[in-house]
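One structure, pasted below without further comment.
The values are calculated or read from the model by the stated rules, or taken from the named source; none is laboratory data. All figures in this text were calculated on a predicted structure; none of them were measured in a lab. Neighbour counts are summed over all protein chains in view; Cβ atoms, including those assigned to glycine, are modelled from backbone coordinates with ideal geometry.
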Amino acid sequence: MAGRADVIGLGPTSIDLRIFVSVDFEQTIDRALTRSMAMAGSADAAEIERSWRHRYIPSQQLYFATARPTDHADIIVYNDQLHEPTWDIRSARPGTTGDRHELVLRRPD
C-alpha cells in the first residue's frame, strides 16, 4: 500500500519500510482464475476475467496514476514469477545499493 495518502504522510518515524509488490495485470487475471477454481472447484472463468478487466485493472490503473505507489516504495518486489521473485531496493538509506536482487524461496523439508 505504499503510496496511499494516509501512509505517505506519516513520516519516516511512523513507517520503517514501504514495500510494493508488482505483478503484471495478465498474471493477476491468471492467478484469480486459478484461485477461484481451487476454492470453488469450478468457476465461471469468463465472468472472473470480465470482472478483472473491467473493474480491478482499471481501478489499479487509476490508483497507480494518482498515488504513484512505486515512487514511495523503498523496495519493489517483482512477483511475475511466483516462486522466483526479484526486487529493487530503492531506498537511499545507508547500506543500500539500489541493485536488483534475487529472492530465493525454500520450502521446508
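Would you check if there is a residue in the stretch 12-20 being at pLDDT 90 or above, outside any loop (DSSP other than H, G, I, E, B) and surrounded by 15 or more Cβ atoms within 10 Å (Cβ to Cβ)?
Within the stretch 12-20, one or more residues are at pLDDT 90 or above, outside any loop (DSSP other than H, G, I, E, B) and surrounded by 15 or more Cβ atoms within 10 Å (Cβ to Cβ).
Here is a follow-up. Would you confirm whether or not the stretch 55-74 contains a residue that is free of Cβ contacts under 8 Å to residues at least 24 places away in the same chain and under 14 Å from Gln27 (Cα atoms)?
no
Look through Gln81, Gln61 and report the one residue that is modelled with pLDDT of 65 or more, part of a loop (DSSP other than H, G, I, E, B), loosely packed, with under 15 Cβ neighbours inside 10 Å and out of contact with any strand residue (DSSP E or B) (no Cβ under 9 Å at 6 or more places or on another chain).
Details: Gln61 fails: part of a loop (DSSP other than H, G, I, E, B).
That would be Gln81, the only listed residue that is modelled with pLDDT of 65 or more, part of a loop (DSSP other than H, G, I, E, B), loosely packed, with under 15 Cβ neighbours inside 10 Å and out of contact with any strand residue (DSSP E or B) (no Cβ under 9 Å at 6 or more places or on another chain).
Quick check: anything in the stretch 35-57 of a type in the set (S, T, N, Q) and under 23 Å from His83 (Cβ atoms)? Working first, answer last.
At the first step, the residues of the stretch 35-57 found to be of a type in the set (S, T, N, Q) are 36, 42, 51.
Checking the rest, the ones that are also under 23 Å from His83 (Cβ atoms) come to 36.
Yes, because at least one residue in the stretch 35-57 is of a type in the set (S, T, N, Q) and under 23 Å from His83 (Cβ atoms).
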